[in-house]
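The values are calculated or read from the model by the stated rules, or taken from the named source; none is laboratory data. All values reported here derive from a predicted model rather than from experimental measurement. Please note: Cβ atoms are built from the backbone with ideal geometry, for glycine as well, and neighbour counts cover all protein chains shown.
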Amino acid sequence: MADLFDVVADPTRRELLRALLDEAEVPGGAGEASVGQLVARLGLSQPTVSKHLKTLREFRVVTVREQGQHRFYRLEPAGLQPIAEWLGPFVKPAVAAAQPVPEPVEAVAELSPAPLAPRARVAAVRLGATAASLVGRIRR
C-alpha cells in the first residue's frame, strides 16, 4: 500500500487525477481525456504527461482506451480504494460527532471499521502530513 501513497504523493500525478476526475464529472461527457488534452489543460510536456500516466496505469488508478494512434485515459476510482480504507479511521470520528464534512469524506469514513482515539487521530494526521512533506522533498 505504501507504493500507492508514493504514487499519489507526486503533485503532477495528483493534477492528472484531478483533471481526469473533472472529465468524469462533466454531464454528458466522455469521462476520459487524451494525452494531448491533458497536456493542453495542465501546461505540461507530452513526455511528462505520458510518463506519469504510465505510472498511474501500472497502479490501476487510470485505465486506457486505444483508438488508432490515440490513447484516452479514464480515472479508475477502485484503484484508490486502499487509500480510502486507510484514511477512514481518521475521518470517521468527525462524521460520528456530526461535524460538517463533505460527502466524499463521509463516504471514506464508512470504509473504516472503528474510529481512532482523539490523541491517536491527531498523532496519525501529523505523522501523515510529515511523511507527505518528506516524500515531496525527497522527490525534488
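Of note:
- Check on Pro104, surrounded by 13 or more Cβ atoms within 10 Å (Cβ to Cβ), modelled with pLDDT under 90 and not in a loop (DSSP other than H, G, I, E, B): no
- Taking the conditions (1) assigned to a helix (DSSP H, G or I); (2) farther than 15 Å from Leu80 by Cα; (3) modelled with pLDDT of 90 or more; (4) not β-branched (Val, Ile, Thr) in turn, Glu23 satisfies each one other than (3).
- Residues located in segment 58-88, provided they are in a helix (DSSP H, G or I) and farther than 21 Å from Gly29 by Cβ: Glu58, Gln81, Pro82, Ile83, Ala84, Glu85, Trp86, Leu87, Gly88
- Qualifying residue in segment 29-40 (condition: touching a helix residue (DSSP H, G or I) at 6+ places or on another chain (Cβ under 6 Å), farther than 18 Å from Pro77 by Cα and loosely packed, with under 14 Cβ neighbours inside 10 Å): no
- Here Thr48 passes the criteria (1) without any contact (Cβ under 8 Å) to a residue 12 or more places away in the chain; (2) within 15 Å of Asp10 (Cα to Cα) except the one numbered (1).
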